[in-house]
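Just so it is clear, none of the values below were taken in a lab; they were calculated from the coordinates. Being a predicted model, the structure only gives us computed values, none of them experimental. Every residue, glycine among them, receives a Cβ derived from its backbone with ideal geometry; neighbour counts consider all protein chains shown.
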Amino acid sequence: FAETYTEYFSASRQFIQEQKTNPAVWDARQFLFYRYLLLMVDALPLKKVLAPITLCVDFSFGEAYNRMIQKNIEKITEWNIIFKAHVDESVQLILSDIHFVDWPEITQIIWLAPPRPVDWSHFIKTLSALRPHSGEENKVGTAPLSSEK
């Protein structure tokens with residue numbers, strides 16, 4: 001859960017940790033932690049939780065091809081992705097079949113056409129690396145809940 005649902009895991013853990021002085025919650029912390037975690041996963045779309053990742057999809061095959069790639073991305077991930085048609089300073093990742101030499105500071109993935117399964121796998125790993133993890137921001141961590149009050 002910690003790696004797959006980082007934001008939900010951290011939020012659930014933080015809430016439970018904040019309840020150390022509430023014996024009713026603290027005594028049932030393991031059960032409540034997983035109950036809250038599962039409720040969030042079920043009821044709260046990840047797109048509403050995650051900070052956006054800005055992605056420019058720009059292949060030399062044109063807009064129809066770019067839209068097809070974007071739709072495939074939306075099918076395989078529920079992350080909060082903002083698609084851009086052109087590269088600008090807000091873009092965090094460029095996905096293309098050509099290298100953008102004017103933007104060396106932006107992470108770029110160059111694909112063959114059509115993309116292979118290994119290309120999609122690499123894309124997801126790169127997105128994961130760019131994804132801000134709330135556990136790092138709030139310093140909650142992913143260790144099991146301790147019994148210390």
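What the table shows:
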| quantity | calculated |
| --- | --- |
| Potential extension, GLU3-ASN72 segment - 0.36 nm per residue separation minus Cα distance | 22.6 nm |
| Among the listed pairs LYS47/LYS71; LYS47/LYS84; LYS48/LYS125, those beyond 19 Å (Cα-Cα) | LYS48/LYS125 |
| Under 15 Å from the Cα of LYS20 - aspartates and glutamates, other chains or at least 8 residues apart | GLU148 |
| Pair ALA43, ASN22: separation of 7 Å Cα→Cβ label points (nm) | 1.4 nm |
| Of VAL87, VAL118, VAL25, the one that fluctuates the most in a GNM where the chain has Cα springs shorter than 10 Å | VAL118 |
| GluC sites (Glu not before Pro) restricted to DSSP loop in the stretch 46-110 with at most 13 other C-beta within 10 Å | GLU78, GLU89, GLU105 |
| Shape of the stretch 52-130, Cα gyration tensor, a/c cut at 1.5 | rounded |
| Cα centre as origin, Lys/Arg/Asp/Glu Cβ charges: the stretch 52-130 dipole, Debye | 360 debye |
| Ellipticity estimate at 222 nm from DSSP helix runs (n ≥ 4, -39,500 (n - 2.57)) divided over the chain, nearest 500 | -13500 deg cm²/dmol |
